[in-house]
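> Sending over a structure as structure tokens; questions will come in a sec.
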Amino acid sequence: MKINYVNPEHVHVLVDLPTNLCIEEAMHLLKGSSSHWINESNLAPGKFRWGRGYGVFSVSHSGVEEVAKYIANQEQHHRKKSFAEEFRLFVERYELKWHDD
């Protein structure tokens, strides 16, 4: 993990994914281990569970620094634009398909 940002409604993580680990396995490990740590540390009232699903985007090596800066500035960034608004614009801009399953 190169950098992360945790917000009550979403999380940003920049990961250098090993070639022997698929995205689904990486998300399972990330969500599972962090849920366990949050619950063991009593950081949330009741039992913490992640929401269903996730969004994953690749970035070239040349774009890593820019993405890291973007993640580092999330708190300031979301004072101007909500996560929901930004995500909707991102999906539209890059003509992505949304899957509810």
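The values are calculated or read from the model by the stated rules, or taken from the named source; none is laboratory data. Note that the structure is a prediction, hence the values are computed from the model and not measured. Glycine gets a Cβ as well: all are built from the backbone with ideal geometry, and neighbour counts include every protein chain shown. Quick note on the areas: whole protein, heavy atoms, side chains included, nothing else; ligands and nucleic acids left out. Shrake-Rupley method; radii C 1.70, N 1.55, O 1.52, S 1.80 Å.
> Of all the residues that make up region 1-60, how many are among the polar types (S, T, N, Q) and either assigned to a loop (DSSP other than H, G, I, E, B) or in contact with an Asp or Glu (Cβ under 7 Å, 6 or more places away or on another chain) (or both)?
So the count comes out to 6.
> A further question follows. What are the residue pairs meeting all of these: first residue in region 47-65, first residue modelled with pLDDT under 90, second residue open to solvent by less than 100 Å² (accessible area, probe 1.4 Å) and in a helix (DSSP H, G or I), Cβ atoms under 7 Å, and 6 or more apart or on different chains?
Sorted first by the residue in region 47-65, then by its partner, the pairs are Tyr54/Met27; Val56/Ile23.
> Would you say Glu85 is part of a helix (DSSP H, G or I), more than 25 Å from Cys22 (Cβ to Cβ) and open to solvent by 100 Å² or more (accessible area, probe 1.4 Å)?
So Glu85 does not fit the description; no.
> Same structure, new question: Pick out the one residue from Tyr70, Tyr94 that is within 13 Å of the chain's Cα centre (by Cα) and of a type in the set (Phe, Trp, Tyr).
Exactly one residue qualifies, and that residue is Tyr70.
> Quick check on Leu30: is it of a type outside the set (Ser, Thr, Tyr), under 24 Å from His78 (Cα atoms) and open to solvent by 50 Å² or more (accessible area, probe 1.4 Å)?
yes
> Among (1) out of contact with any Lys or Arg (no Cβ under 7 Å at 6 or more places or on another chain); (2) under 23 Å from Lys97 (Cα atoms); (3) open to solvent by less than 70 Å² (accessible area, probe 1.4 Å), which single condition is Tyr54 missing?
(3)
> A follow-up question, please. Can you work out which of the residues in region 66-80 that are under 16 Å from Tyr5 (Cα atoms) and at pLDDT below 90 is least open to solvent (accessible area, probe 1.4 Å)? Don't jump to the end; show me each part of the working.
Kept after step one, since they are under 16 Å from Tyr5 (Cα atoms), are these residues of region 66-80: 66-79.
Keeping just the survivors that are at pLDDT below 90 gives 74-79.
On the way: Gln74: 0, Glu75: 114, Gln76: 101, His77: 56, His78: 37, Arg79: 173 Å².
Here the answer is Gln74.
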